[in-house]
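The structure follows.
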Amino acid sequence: MRVYISADIEGTCGIVNWEETNLNCAHSEYHKTQMSKEVKSACDGANKNNCDFILVKDAHDSARNINPSLLPTNVNLVRGWTNGPLIMMAGIDSTFDATLFIGYHSGASQDGNPLSHTMNSSKYDYVKINGEIATEFMINAYTSAYFNVPVAFLSGDELLCKNAKKLNPNIVTVPVSKGIGNASISIHPDIALKKYKRGCGTSSFR
């Protein structure tokens, strides 16, 4: 079994400020570690499903956030950007059995996360697909569907997880935070890790 994981940081547990997402800012160190731990827990859960190979795309900013030494040995990590059309889904193809999304967030103009955006929000107020506000999750879920790879799991803010269920009622979701203006309420990070491992371990892979 082969699993693909796309990981972002703005939907990880406890994050709330843009400085905490910046590779060059000291405030980001904790959150990069938390992102790495969340990806590890997802991988551990996938491995409970007898997974042979996992490909992880570090899909935030510089794409140099995840600590590879924290990941299981059957994981390959895509760091940096390939400059191809798949962007946050670089490396996916039809050989994978499931896609998991870790640390994702609500879309531009939505209030589910203080860091809500869709791709580069400095250039537009929102993105719509078929009349619906598009999130990075939606765009990348469609990319997964293009390769006929089912989307099995999503973690992120509560609003994103709720909206994802409308797009895919069968997806397993773990909401870790709820946005309130420029603040958020988050569950304990260790509880989040346990939920990821359990959720990715029970997700239905094809």
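The values are calculated or read from the model by the stated rules, or taken from the named source; none is laboratory data. This is a predicted model, so every value here is computed, not measured. With ideal geometry, Cβ positions are generated from the backbone for all residues, glycine too; neighbour counts draw on all protein chains shown. Calculation scope for accessible area: heavy atoms of the full protein, side chains included, ligands and nucleic acids excluded. Shrake-Rupley method; radii C 1.70, N 1.55, O 1.52, S 1.80 Å.
Among the residues of region 163-182, which ones are over 22 Å from residue 139 (Cβ atoms) and outside any strand (DSSP E or B)? First the steps, then the outcome.
Of region 163-182, the ones over 22 Å from residue 139 (Cβ atoms) are 178, 180-182.
Residues satisfying the conditions are 181, 182.
A further question follows. I need the full set of residues from region 159-182 which are within 18 Å of residue 34 (Cβ to Cβ), touching a strand residue (DSSP E or B) at 6+ places or on another chain (Cβ under 6 Å) and open to solvent by 30 Å² or more (accessible area, probe 1.4 Å), in order please.
Within region 159-182, just 178 meets the criteria.
Here is a list of conditions, (1) without any contact (Cβ under 8 Å) to a residue 12 or more places away in the chain; (2) open to solvent by less than 10 Å² (accessible area, probe 1.4 Å), and residue 27 meets all of them except one; can you say which number that is?
(2)
Among the listed residues 139, 185, identify the single one that is open to solvent by 10 Å² or more (accessible area, probe 1.4 Å) and in a strand (DSSP E or B).
Values: 139 fails: in a strand (DSSP E or B).
Criteria check complete, one pass: 185.
Could you list all residues from region 42-86 that are of a type in the set (Gly, Ala, Ser), closer than 22 Å to residue 116 by Cα and buried (at least 23 other Cβ atoms within 10 Å of the Cβ)?
Result: 59, single match.
Inside region 142-158, can you point out the residues that are assigned to a helix (DSSP H, G or I), open to solvent by 10 Å² or more (accessible area, probe 1.4 Å) and in contact (Cβ under 8 Å) with a residue 24 or more places away in the chain?
Of everything in region 142-158, those that are assigned to a helix (DSSP H, G or I), open to solvent by 10 Å² or more (accessible area, probe 1.4 Å) and in contact (Cβ under 8 Å) with a residue 24 or more places away in the chain turn out to be 143, 158.
Same structure, new question: Quick one: residue 191 ticks every box in (1) open to solvent by 70 Å² or more (accessible area, probe 1.4 Å); (2) modelled with pLDDT under 95 bar one, so which box is it?
(2)
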